[in-house]
Each structure stands twice: as structure tokens, then as C-alpha cells.
1. Could you tell me the center-to-center distance, by alpha carbons, between region 207-249 and region 15-75 in angstrom?
2. With θ set to phi - 60° and the Karplus curve 6.51 cos²θ - 1.76 cosθ + 1.60, what are the ³J(HN,Hα) couplings of region 209-217 in order, to the nearest whole Hz, using x for Gly and Pro?
3. Where in region 230-267 are there trypsin sites (Lys or Arg not before Pro) that are in a DSSP coil and have at most 16 other Cβ atoms within 10 angstrom of their Cβ?
4. Would you order VAL103, VAL70 from fewest to most other beta-carbon atoms within 10 Å of each residue's own beta-carbon?
5. Assuming R0 = 22 Å, what is the FRET efficiency of SER30 and LYS98, from their Cβ-Cβ distance, to the nearest 0.05?
6. Which residue, ASN73, ASN65, ASN82, has the most motion in a Gaussian network model of the chain that connects Cα atoms within less than 10 Å?
7. What does the charge count around PHE78 come to, taking other residues whose C-beta lies under 13 Å from its C-beta (Lys +1, Arg +1, Asp -1, Glu -1)?
8. Which one, GLY50, GLY37, SER151, projects farthest toward the positive side of the charge dipole computed for region 6-259 from Cβ point charges (K/R +1, D/E -1)?
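What follows is calculated from the coordinates using simple rules that are stated; it is not laboratory data. Nothing here was measured: the structure is a model prediction, and the numbers come from that model. In this analysis, Cβ positions are derived from the backbone assuming ideal geometry, glycine residues included, and neighbour counts consider all displayed protein chains.
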Amino acid sequence: MAKKTAMDCVKLARDPKRPHLKDFIKLICSDFEELHGDRLVNDDRGLVGGFATVGGEKVLLLGHNKGATVEENMEANFGMANPDGYRKAMRLAKLAEKFHLPVVTFVDTPGAYPGREAEERGQAEAIAKSLEFFSRLKTPVVVVVTGEGGSGGALAIAVGDRILMMENAIYSVISPEGCAGILWRDGTKAPEAAEALKITAPDLLKLGAIDEVVKEPAGGAQKNHKAAAASVKKAVLAALKALKKIPVDVLVEKRYEKIRAYGNFYS
């Protein structure tokens with residue numbers, strides 16, 4: 001069998017049959033109580049959050065919300081959050097800190113919504129605030145990159161103590177197509193860009209940008225949602241168990257050090 005390329009992973013990460021946030025909630029949570037709104041503008045459907053129970057652990061669960069149908073995707077903006085979504089995430093995570101509950105985030109987005117309305121409402125500022133906020137949040141944070149981890153839209157809820165990434169997910173500052181367009185002005189060179197960007201889970205594990213690769217069923221998570229969710233659940237619970245043993249001040253300090261070390265691949 002031919003070795004899987006980075007572009008193969010891109011295609012798998014974008015597969016519409018891949019499990020999305022609502023699938024994971026249904027399969028790994030024994031209960032989920034969604035909370036709404038940023039208390040400033042509206043309730044962004046591109047980013048969903050609420051209190052949940054995972055394997056007996058009470059958590060605050062946040063995630064980008066892609067749909068399974070065209071109608072669901074239109075409502076959720078194809079998982080591209082507006083500033084209101086990131087402000088909602090921060091509001092809910094503050095509640096988790098108050099009640100001493102860990103936060104689990106599910107990352108799956110092409111990027112933050114780039115529309116005019118989002119820019120007028122402060123998209124860049126909301127992402128920057130979210131990065132700062134989660135870096136200082138005084139409760140454990142576990143991040144799971146389940147599909148596309150695109151640019152600042154992904155990173156805004158991906159600052160955590162343990163970064164897990166599904167085997168066929170991708171995580172990058174830019175899409176391969178966007179990179180190819182900038183470097184070569186030729187979108188057909190996306191496969192070469194994908195390899196150069198080191199966007200796959202194994203590459204990012206080697207670089208220290210993530211902490212663990214979560215195995216997927218043969219053929220990818222889209223082939224068996226239950227098995228994929230079971231692997232994610234097991235990895236999340238193991239990470240939470242380890243993090244709960246660490247004093248919160250030490251946790252926040254180590255999280256900050258982790259962020260500061262991004263990009264420092266050579267000594």
C-alpha cells in the first residue's frame with residue numbers, strides 16, 4: 001500500500017462524512033447542556049459550548065460546529081466562527097474556571113469567518129483576546145483537533161495543557177491551496193505545499209506542536225464514528241486524569257511555557 005501523503009490527510013480531514021462536533025457529543029457524552037450567546041451580539045452557531053459529562057467527568061465542552069447537511073452547514077457557517085463565537089467561548093470557559101471544571105475543546109474549522117461583518121465586530125481582536133484568555137485560564141484545558149485546524153480560527157480555542165490530534169486531522173497556519181497560491185501563484189501545487197507545511201499529526205508530534213496522536217479506524221474516522229469517538233474519549237479521559245494531579249498554578253505556568261516554545265524547534 002502506498003504511503004499516505006499530506007494531501008491524502010487533507011482530503012480525509014475535509015471528508016463531509018467524518019464525525020463532527022454533534023457526533024462526538026452524542027457518542028462520548030452521557031449528557032450535554034448547551035449554553036448560548038456572548039451577551040454582546042448574538043449566539044454564533046459556528047462555535048458551540050455547554051456543560052457535559054464524559055466518562056463520569058464533568059467538563060465544559062467547546063467546539064467548532066460543522067454540519068452534516070448543506071442546511072446545517074449554512075446555519076453554522078461551515079464551522080467558521082464569528083467574533084461572537086470566540087467571545088461566547090471565553091464567557092463559558094470563565095464559568096468552568098469558577099466551578100473548577102476542566103475545559104475540553106474540539107477543533108474543526110477551515111478558519112475564522114473572514115466576512116465584512118466579522119471584521120467590523122473585531123474578529124482579530126476576539127481571536128487575540130481568546131489566545132490570551134486561554135493561556136491564563138485557571139483550570140485544565142484539553143484540546144482535540146478532529147478535522148481541519150485552520151489558522152487563527154482554530155488556534156483561538158486550541159491553547160491547552162494537552163493537545164490531542166486525530167490521526168488524519170490537519171493543523172496549519174494556512175490551507176495548502178492558500179500557501180500554493182502565495183508561494184507559486186499556482187493552486188495545483190497544493191500537494192507540494194501540504195508536504196512543506198508539515199500539517200499532519202505525525203509531523204506535528206515530531207515538532208512538539210501537539211502531545212498525542214489519536215488513532216482512527218482503518219480507512220479513517222468517517223468509516224466508523226463509534227470507534228473514532230471511543231478513541232477520542234479514551235485519550236481525553238487519560239489527559240484529564242493526568243492534568244487533575246497538577247496544581248493549577250503550575251498548570252498555567254507550564255501552559256504558558258508550551259505556547260512560548262512553539263516554533264523553537266532547534267536548540
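1. After rounding, the separation between the Cα centres reads 17 Å.
2. Working through the residues one at a time gives 7, 10, 9, 7, 9, 8, 5, 10, x Hz.
3. LYS244, LYS245
4. Starting with the residue having the fewest Cβ neighbours, the order is VAL70, VAL103.
5. After rounding, the FRET efficiency stands at 0.45.
6. Looking only at ASN73, ASN65, ASN82, the largest GNM fluctuation is found for ASN73.
7. My count for the surroundings of PHE78 gives -3.
8. GLY50
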